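Notes for the one structure printed next.
The values are calculated or read from the model by the stated rules, or taken from the named source; none is laboratory data. Note that the coordinates shown come from a computational prediction; the quantities given were computed from them, not determined experimentally. Positions of Cβ are generated from backbone atoms using ideal geometry, with glycine treated the same way; all protein chains shown enter the neighbour counts. Heads up: the accessible areas ignore ligands, DNA and RNA and are worked out on the full protein's heavy atoms, side chains in. Shrake-Rupley method; radii C 1.70, N 1.55, O 1.52, S 1.80 Å.
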Amino acid sequence: IEGLAACASSAVEDESLREALESFLRSTIFRSLQRGHGALIAVLDPGNTLPQEWVSQPGGLDGIRLDPPIDIAAAVRGFNSYETAEYLGGLISLADLLEGMLSADGITLLGSNGVLHGYNFFVRTSAQDNPLPSSLAGGARRRAFQVLKGLVSRKQLTAALFRSSDGATEFVGGE
């Protein structure tokens, strides 16, 4: 969770904002994973866009894309700057929204600049595009994480986190 929160805030240039965002993400993700039935979270660099092929082609992702993405970093910046009840309420609502998205099936996609790109993404694998070992044990979430690991190794994603319903957790990225 620490590595994921660090990756999902790594492109924020202002150090104090980056630290505050990382803390917000760490606590929100931790809370969600403690209550949830498992999760998949991926991080995308600002320079990388979600390729259209991931959405419309076999072997790609489909899900709920937020257009425009939700700027979590801006909400954290607003609260840190003004510390009013209004900004606190907005931040609490944003944490609840993110927790809800993390509790949905599929992948929640964050940006390393502190934005939320979407949720409920699913990977469709084809043997040609994403060959998975026949010995791979586990359910759909674990198989999807294998695809995300491949996307991280090809630098299409910055990081990915897998959490199963039994508590097993795996993180890749941040190198």
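Of note:
- Criterion applied to Leu40, Leu50, Leu4 was being among the hydrophobic types (A, V, I, L, M, F, W, C) and at pLDDT below 95, and the one residue passing it is Leu50.
- The set of residues from the stretch 93-104 being closer than 21 Å to Asp62 by Cβ and open to solvent by 80 Å² or more (accessible area, probe 1.4 Å) is empty.
- The numbered conditions (1) at pLDDT 95 or above; (2) open to solvent by 70 Å² or more (accessible area, probe 1.4 Å) are all true for Ser23 except (2).
- Sole exception among (1) buried (at least 18 other Cβ atoms within 10 Å of the Cβ); (2) modelled with pLDDT under 95; (3) assigned to a loop (DSSP other than H, G, I, E, B) for Ser32, by number: (3)
- Here the stretch 155-175 is the region considered, the condition is being at pLDDT 90 or above and of a type in the set (S, T, N, Q), and the residue that is most open to solvent (accessible area, probe 1.4 Å) is Thr169.
- Residue in the stretch 82-92 that is buried (at least 19 other Cβ atoms within 10 Å of the Cβ), out of contact with any Cys (no Cβ under 7 Å at 6 or more places or on another chain), outside any helix (DSSP H, G or I) and modelled with pLDDT under 95 present: no
- Enumeration of residues in the stretch 105-125 that are β-branched (Val, Ile, Thr) and either assigned to a loop (DSSP other than H, G, I, E, B) or open to solvent by 10 Å² or more (accessible area, probe 1.4 Å) (or both): Val115, Val123, Thr125
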